[in-house]
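Chemist: Here it is: the structure, laid out below.
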């Protein structure tokens, strides 16, 4: 199954390693899910990850 993870999901996974969002990332790492993203989404990931605050 292919999924697209919004930046909110990535942030939630990092903030709560035992939560549902983190489980999605774990499943993707085990190749149980295929992640799909566009260039603009990767740029959004980068902007969110480099934000100070």
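Read-outs: derived from the displayed coordinates by stated rules, not from any lab. Model, not experiment: these values are computed from the prediction. Note that we place each Cβ from the backbone using ideal geometry, even for glycine, and neighbour counts take in every protein chain shown.
Chemist: Scan segment 18-53 for residues that are assigned to a loop (DSSP other than H, G, I, E, B) and within 14 Å of residue 6 (Cβ to Cβ) and jot them down. Don't jump to the end; show me each part of the working.
Modeler: We begin by selecting, within segment 18-53, every residue assigned to a loop (DSSP other than H, G, I, E, B); these are 18-19, 30-33, 36-38, 50-53.
Matches in segment 18-53: 36, 37, 38.
Chemist: May I ask you to list the residues in segment 20-29 that are exposed (fewer than 12 other Cβ atoms within 10 Å of the Cβ) and either within 14 Å of residue 49 (Cβ to Cβ) or in contact with a helix residue (DSSP H, G or I) (Cβ under 9 Å, 6 or more places away or on another chain) (or both)?
Modeler: 20
Chemist: Which of the residues that make up segment 1-13 are closer than 14 Å to residue 49 by Cα and exposed (fewer than 12 other Cβ atoms within 10 Å of the Cβ)?
Modeler: Residue satisfying the conditions is 8 alone.
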